[in-house]
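**Student:** Quick one: structure below, then a few questions.
The values are calculated or read from the model by the stated rules, or taken from the named source; none is laboratory data. All values reported here derive from a predicted model rather than from experimental measurement. As a convention, Cβ positions derive from the backbone with ideal geometry for all residues, glycine included, and neighbour counts pool all protein chains shown.
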Amino acid sequence: MRFLRRLGGYVGRHWDFIILDLITFITAYYLAIQARRVIDISIRHDELFIRYGLVALGIFLGVDIVMRNLDGVMLRSIPKEFVSVGQQMAITWAFYTVVLFLLMEGHYYSRFVYLLAFITCFTGILIARILWRSVIKYGKLHATLLPKLVVVCDANRAQRVIERVLLGYYERRYEITGIIVNERSKINYGDHYPIVIGLGNLVSLIEDDRVHDAYVELDDVDEESVVIEELLQAGVSVHRSLGDSKLEYAIQYIDEFSSHTVITIEGPQISWVNKASRLWGTITAKQQQRKL
């Protein structure tokens, strides 16, 4: 069950890149087959190439999930992305080679397609990831669909908490809508994010800004429990730092958030329908603001 939850979290974070990778892989593999035809090399057993292409696609997806290759995709430089995609493709083709060797029909397979498909898939996936990452960072569509995050923490540790959240800010692609602290303190992020003093203002901030997720890190366990309960009742998914808690929540699991391991807590009322409705509310609110 824990593996399935982690897998679900991974897919949920990177579903767009996963779909993009699969579409690019299929397109690049198809182009490799067509290239063989263009140079007047006849292809026999067309169904065999399709069947083996699906095998390669399945291996590629399995390697991606095991390696968690897309974790940190928004933070990697182009050279690091080149290495990351290269590693995934190399492992995929290594397993693919074993499959071709073991299957009885492997000798019918084209070495030209085998080599060219590796090149086209590697190049296509690398370019597609870089382009989509640019769309996510700078595109207007992303700004419209961006889920909102509120950070709740002790005033004396706000600086460190925000720096940790910002470390993986683009990976999870949240808009930080506010930082709620329990008392006044010197915080250097006031020019960038709204700073709210007092945990009692939590509910009003959530209602006004349609918050989807919250990161909570408080020293006082009683204080933390009250905050988490309020967030869950409002239908917000909560990510808390690892540590002891006074409450046992019905739905909680180890997750990754902003490049850190956390405990994600969800109330029974948080469903895909609710999340979709909150997302739609965010979109319509932004549209109304533009009209004004």
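**Student:** Can you tell me which residue within region 127-171, out of those that are aromatic (Phe, Trp, Tyr) and modelled with pLDDT of 65 or more, is nearest to Val221 (Cα to Cα)? Walk me through it before giving the result.
**Tutor:** Step one: filter region 127-171 for residues aromatic (Phe, Trp, Tyr), giving 132, 138, 169-170.
Now restrict to residues that are modelled with pLDDT of 65 or more: 132, 138.
Values: Trp132: 41, Tyr138: 39 Å.
Top of the filtered list is Tyr138.
**Student:** Which residues, taken from region 61-85, are touching a helix residue (DSSP H, G or I) at 6+ places or on another chain (Cβ under 7 Å) and free of Cβ contacts under 8 Å to residues at least 40 places away in the same chain?
**Tutor:** Val63, Met67, Asn69, Arg76
**Student:** Separate question: Just one of Leu57, Leu61, Leu103 is modelled with pLDDT under 85 and surrounded by 14 or more Cβ atoms within 10 Å (Cβ to Cβ); which is it?
**Tutor:** Values: Leu57 fails: modelled with pLDDT under 85; Leu61 fails: modelled with pLDDT under 85.
Being modelled with pLDDT under 85 and surrounded by 14 or more Cβ atoms within 10 Å (Cβ to Cβ) holds for just one of Leu57, Leu61, Leu103, which is Leu103.
**Student:** Pull out all pairs, ordered by first then second residue, where Cβ-Cβ is under 8 Å, the residues are six or more apart or on different chains, the first lies in region 5-23 and is modelled with pLDDT under 70, and the second is aliphatic (A, V, I, L, M).
**Tutor:** Pairs found: Arg5/Ile254; Arg6/Ile254.
**Student:** Within region 239-255, is there a residue that is modelled with pLDDT under 80 and in contact with a Gly (Cβ under 6 Å, 6 or more places away or on another chain)?
**Tutor:** So the first thing to find is which residues in region 239-255 are modelled with pLDDT under 80, and the list is 241-255.
This time we only want the ones that are in contact with a Gly (Cβ under 6 Å, 6 or more places away or on another chain), so: 255.
Within region 239-255, one or more residues are modelled with pLDDT under 80 and in contact with a Gly (Cβ under 6 Å, 6 or more places away or on another chain).
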